[in-house]
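Asker: My questions all concern the structure below.
The values are calculated or read from the model by the stated rules, or taken from the named source; none is laboratory data. What you are looking at is a predicted structure, and each value in this text was computed from that prediction instead of being measured. Glycine gets a Cβ as well: all are built from the backbone with ideal geometry, and neighbour counts include every protein chain shown. Only protein heavy atoms, including side chains, enter the accessible area calculation; ligands, DNA and RNA are left aside. Shrake-Rupley method; radii C 1.70, N 1.55, O 1.52, S 1.80 Å.
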Amino acid sequence: MEYLSQLLTLSGIVLLACISPGPDFVAVTSNALNDRRSGVFVGLGIACAVVVWATLAILGFGLLIKELFWLYEAIRLVGAAYLIYLGTRMLMASFKARNGTPRVDDVPRIGALQAWRQGFMVGITNPKTATFFATLFVTVLPVGAPTWVYVSVVALVGLITAGWLGLLAAFFSVGRVRSVYARVSRVVDAVMGAALVGLGIRLASSR
């Protein structure tokens, strides 16, 4: 089938990009440890943001963002600030937690819409995603490919991202994993909060 090799190559690269640890991983797992539904909806929010960036890349906006320094910088700084905000919240919560063995079931759960919005913000405020897709599509996809190829690419990107993040949410919400987390939740939350702050600082200082 024509274009099948390009689609398979692109799918493999996208999957490898998803597997690489980053803000997406921390955002999904930190929520899934408290509530599977929250983790899943954070993952869906991220997947929706990735679909938006993939669509914009196909339409040429990915390369435009790469060329418009001020726009790229604005998105990058907003994204960095949001990651630092989320990380700081987790750090403060871990420091305020009571001593002793915390119960995961006692942790307030965020709503589905709030979880989706958090995931979408994490994904949409990362301009590197736009430039990644712009470069990837130019490199892998042939010039003049039919419309169905581009539609398939966007669908594959969304499905791969949602599928991988959904698996992460399912794994980190398993009872045994959560029971281990319940015993060390303050430490885990502090580490994940510090990771988000570190990723935010890294994003803010990168070019």
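Asker: Tell me the accessible surface of Thr147 in square angstrom (1.4 angstrom probe, heavy atoms of protein chains only), to the nearest ten.
Answerer: 110
Asker: Determine the share of the range 115-189's accessible area contributed by carbon and sulfur atoms, expressed in whole percent, with a 1.4 angstrom probe.
Answerer: 72
Asker: Go through the range 29-44 residue by residue and turn each phi into a ³J(HN,Hα) via Karplus (6.51, -1.76, 1.60, θ = phi - 60°); whole Hz please, and just put x for glycine and proline.
Answerer: 5, 5, 7, 5, 5, 9, 6, 4, 4, 4, x, 5, 6, 4, x, 5
Asker: To continue, here is another question. Averaging over all projection directions, find the projected area of the Cα convex hull of the chain and quote it in nm² with one decimal place.
Answerer: So the Cα hull casts an average projection of 11.8 nm².
Asker: Also: How far is it, in nm, from the label point at Ile13 to the one at Val180 when both lie 7 Å from their Cα along the line to the Cβ?
Answerer: Inter-label distance under the simple model: 3.5 nm.
Asker: Over the heavy atoms of Ile160, what accessible area does a 1.4 Å probe trace out, to the nearest 10 Å²?
Answerer: 30
Asker: Keeping every protein chain present and rolling a 1.4 Å probe, give me the accessible area per residue for the chain in Å².
Answerer: Working: 10910 Å² over 207 residues.
Averaged over the residues of the chain, the accessible area is 53 Å².
Asker: Can you give me the angle between helix 185-205 and the longest principal axis of the chain, using Cα atoms only, in degrees from 0 to 90, rounded to the nearest 10?
Answerer: Taking the Cα atoms of the chain, the angle to 185-205 is about 40 degrees.
Asker: Hey, if we sort Trp53, Trp116, Trp148 by accessible area with the 1.4 Å probe, largest down, what's the order? Let's see the in-between values first.
Answerer: Numbers: Trp53 10, Trp116 80, Trp148 105 Å².
So the residues, ranked largest to smallest area, are Trp148, Trp116, Trp53.
Asker: I've got another one for you. Tell me which of Asn126, Gly12, Val191 sits at the most positive position along the dipole axis of the chain, charges placed on C-beta atoms (Lys, Arg +1; Asp, Glu -1).
Answerer: Farthest along the dipole direction, towards plus: Val191.
Asker: Could you give the angle, 0 to 90 degrees to the nearest 10, between helix 112-124's Cα long axis and the longest principal axis of the Cα atoms of the chain?
Answerer: Relative to the chain, helix 112-124 is tipped by roughly 50 degrees.
Asker: Further, regarding this structure: Rounding to the nearest 10 and keeping the result within 0 to 90°, find how far the Cα-based axis of helix 127-140 lies from the longest principal axis of the chain.
Answerer: Relative to the chain, helix 127-140 is tipped by roughly 40 degrees.
Asker: Mind checking the dipole of the range 9-87: about its Cα centre, +1 per Lys or Arg Cβ, -1 per Asp or Glu Cβ, Debye to the nearest 20? Don't skip to the answer; put the middle values down first.
Answerer: Details: 4 positive and 4 negative charges, 26 e Å.
It works out to roughly 120 debye.
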